[in-house]
Amino acid sequence: MNSELLRAGRRATPGSDSDFAFAFNDSNFSDRVLRIEIVADVPESKSDAEGCSSIADWARNRKRRREDIKKEDDVLMHREEQILNCNMPDTEDGVAYENEDEEAVAMIDESPSRGGVNKNPPGVEAAHSNDSSWKMDCTTVLRVKTIHISSPILAAKSPFFYKLFSNGMRESEQRHVTLRIYASEEAALMDLLNFMYSNTLSTTMPSALLDVLMAADKYEVASGMRYCSRLLRNLPMTCESALLYLDLPSTVLMAEAVQPLTDAAKQFLAVRYKDVIKFQEEVLNLPLAGIEAVLSSDDLQVASEDAVYDFVLKWARAHYPKPEERREVLGTRLVRLIRFPFMTCRKLRKVLTCSDFDPELASKVVLDALFFKAEAPYRQRSLVAAEEVNASCRRFVERAYKYRPVKVVEFQHPRQQCVVYLDLKREDCAHLFPAGRVYSQAFHLGGQGFFLSAHCNMDQQSSFHCFGLFLGMQEKGSVSFAVDYEFSARSKPSEEYVSKYKGNYTFTGGKAVGYRNLFSVPWTTFMADDSIYFINGILHLRAELTIKQ
């Protein structure tokens with residue numbers, strides 16, 4: 001019988017859909033007896049899933065329990081009276097059951113802090129290393145549940161059970177193995193043991209699935225974690241559930257099996273709060289994991305990266321009122337979410353003097369941003385391409401800003417002048433049809449704020465659509481400002497900037513001036529595949545502004 005079970009257990013490898021449900025708790029197909037001692041939970045604690053009608057209830061229960069119970073369990077080997085620590089490193093399924101002395105000895109020699117076997121003499125229990133273990137040992141056993149198990153099947157599914165059954169001692173069919181668990185863990189453990197035989201779960205309740213997921217992590221059943229993760233991912237996602245999935249214990253979050261679930265949660269939050277301004281109050285109330293998910297998105301709908309920077313500071317000041325804590329979380333978690341190369345130079349200067357950032361860190365991110373701005377376009381594209389394959393680092397990847405970033409070169413002598421470069425992607429221009437417009441970030445000349453705006457509009461005779469470019473002044477009021485301006489664009493085959501329109505204008509606050517048909521061609525010609533104005537899919541525009549003397 002044992003040899004047959006051993007062969008069956010070896011066949012139950014990761015990814016296997018072998019169904020051994022018929023053998024669960026059947027003495028005819030078992031070589032061990034698992035004795036589950038159930039002890040009382042800490043006061044006012046109950047199963048995470050018990051009485052939970054929603055994910056929110058589960059989260060509240062678990063949060064309360066997490067404050068009182070550390071993730072630790074004592075496993076007792078009766079007969080040899082060996083004591084094992086349940087907390088072992090994350091491992092995927094895949095350790096085929098082999099009761100070989102060499103492997104067993106290696107496990108025994110592991111450090112106790114990494115889940116090794118206590119090597120005290122028989123009958124002598126190790127001194128308790130922490131209060132939670134002592135508390136569990138001293139708690140009265142409420143009841144005992146006995147289950148017939150097949151050690152090869154469990155060992156093939158779980159490195160935890162593999163180690164339990166491969167401790168270097170001679171095995172016998174009479175051996176009883178004891179697990180001591182809290183009452184709140186009973187239902188999840190039973191569901192998990194059933195899963196290890198049948199590869200399926202009967203429960204579909206989100207709260208129960210989360211309990212089984214936690215148990216699967218505790219007993220290192222990676223296939224169970226994958227299964228629960230897949231079922232949870234297929235359930236309707238809410239903000240509550242997404243935040244809960246991102247708040248699971250670190251051992252669970254780091255498991256490869258749970259990555260698709262946490263990725264789905266991050267994507268849900270990123271899409272849900274894409275318009276940060278519209279949901280500003282809700283986003284400000286998100287926890288750290290939530291704000292990281294939202295601000296990691298390339299599709300964030302914000303005016304500019306300056307707005308992202310301001311929002312991050314506002315969130316950090318609200319959630320971390322102590323300066324040292326705020327500086328820590330900004331430096332280690334949030335600074336990577338801000339894409340400094342797309343901030344304006346005026347805002348970058350403020351970063352250098354912001355007390356919320358470590359001065360060295362502030363200097364580094366500002367210098368990196370300025371170096372990127374100064375790079376030639378082909379070098380910028382190569383830097384972007386290198387980061388587009390790295391989901392965790394997107395500092396050189398441009399978001400879909402409402403106000404498009406510009407490069408500005410300023411001159412003070414012999415006249416106050418600035419040269420502004422604005423690049424638009426072909427798809428950005430395509431989205432302008434039939435009557436759209438896109439604005440640049442603000443830039444400054446002579447202390448006044450200006451902006452460029454690109455339009456799809458009708459020509460002067462209203463006979464066809466065309467591309468227009470305009471220059472506007474931000475400040476409203478009675479301010480009067482005389483400016484000479486010139487619009488240019490790169491064009492093939494030379495790919496040099498060619499002047500398209502010159503003019504002069506005396507601005508008053510809120511006014512704009514420009515040319516409705518910058519290229520003197522219809523929109524269809526401008527957007528054609530063989531258009532001379534798009535170079536590698538980019539329209540390169542330049543505006544030169546000079547204050548009139």
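Observations on the model:
- Candidates GLN380, GLN416 - the one that is polar (S, T, N, Q), under 30 Å from the mean Cα position of the chain (by Cα) and open to solvent by less than 80 Å² (accessible area, probe 1.4 Å): GLN380
- Boolean, VAL521 is more than 21 Å from ARG404 (Cβ to Cβ), in contact (Cβ under 8 Å) with a residue 24 or more places away in the chain and buried (at least 18 other Cβ atoms within 10 Å of the Cβ): yes
- Taking the range 247-269 as the range and being buried (at least 20 other Cβ atoms within 10 Å of the Cβ) and not basic (Lys, Arg) as the test, the residues that pass are LEU248, VAL252, ALA255, ALA257, VAL258, LEU261, THR262, ALA265, LEU269.
- Taken as a whole, the condition of being buried (at least 18 other Cβ atoms within 10 Å of the Cβ), modelled with pLDDT of 90 or more, under 32 Å from the mean Cα position of the chain (by Cα) and under 19 Å from ALA257 (Cβ atoms) does not apply to LEU201.
- Among the candidates VAL483, VAL479, VAL438, VAL498, the residue that is without any contact (Cβ under 8 Å) to a residue 12 or more places away in the chain, within 30 Å of ARG415 (Cβ to Cβ) and open to solvent by less than 60 Å² (accessible area, probe 1.4 Å) is uniquely VAL498.
- Against the list (1) part of a loop (DSSP other than H, G, I, E, B); (2) modelled with pLDDT of 95 or more; (3) open to solvent by less than 50 Å² (accessible area, probe 1.4 Å), the condition ASP530 fails is (3).
- Taking each residue of the range 272-290 that is touching a residue at least 40 places away in the same chain (Cβ under 8 Å) and farther than 20 Å from ARG399 by Cα and looking for partners that are open to solvent by 30 Å² or more (accessible area, probe 1.4 Å) and assigned to a loop (DSSP other than H, G, I, E, B) with beta-carbon atoms closer than 9 Å, six or more apart or interchain, yields PRO287/ASP247; ALA289/ASP247.
- Hey, PHE411 open to solvent by 80 Å² or more (accessible area, probe 1.4 Å), free of Cβ contacts under 8 Å to residues at least 40 places away in the same chain and more than 30 Å from HIS465 (Cα to Cα) or not: yes
- Looking only at the range 458-469, residues that are surrounded by fewer than 20 Cβ atoms within 10 Å (Cβ to Cβ) and part of a strand (DSSP E or B) come to 1 in all.
- Against the numbered list (1) open to solvent by less than 70 Å² (accessible area, probe 1.4 Å); (2) within 17 Å of GLN280 (Cβ to Cβ), GLN301 comes up short only at (1).
- Residues that are part of a loop (DSSP other than H, G, I, E, B) and touching a Leu at 6+ places or on another chain (Cβ under 9 Å) were ranked within the range 270-296; the one that is surrounded by the most Cβ atoms within 10 Å (Cβ to Cβ) is TYR273.
- Figure legend. Inter-residue proximity from the range 362-383: first residues under 20 Å from VAL409 (Cβ atoms) and without any contact (Cβ under 8 Å) to a residue 40 or more places away in the chain, second residues part of a helix (DSSP H, G or I) and open to solvent by 80 Å² or more (accessible area, probe 1.4 Å), beta-carbon distance below 9 Å, spacing 6+ or different chains. Indicated pairs: VAL366/ARG349; VAL366/LEU352; PHE372/ARG379.
- Taking the range 441-465 as the range and being closer than 15 Å to LEU518 by Cβ, at pLDDT below 95 and either of a type in the set (Gly, Ala, Ser) or out of contact with any strand residue (DSSP E or B) (no Cβ under 8 Å at 6 or more places or on another chain) (or both) as the test, only GLN460 passes.
The values are calculated or read from the model by the stated rules, or taken from the named source; none is laboratory data. All figures in this text were calculated on a predicted structure; none of them were measured in a lab. Using ideal geometry, Cβ is built from the backbone for each residue, glycine included, and neighbour counts are taken over all protein chains shown. Just the protein is used for accessible areas: all its heavy atoms, side chains included, with ligands, DNA and RNA removed. Shrake-Rupley method; radii C 1.70, N 1.55, O 1.52, S 1.80 Å.
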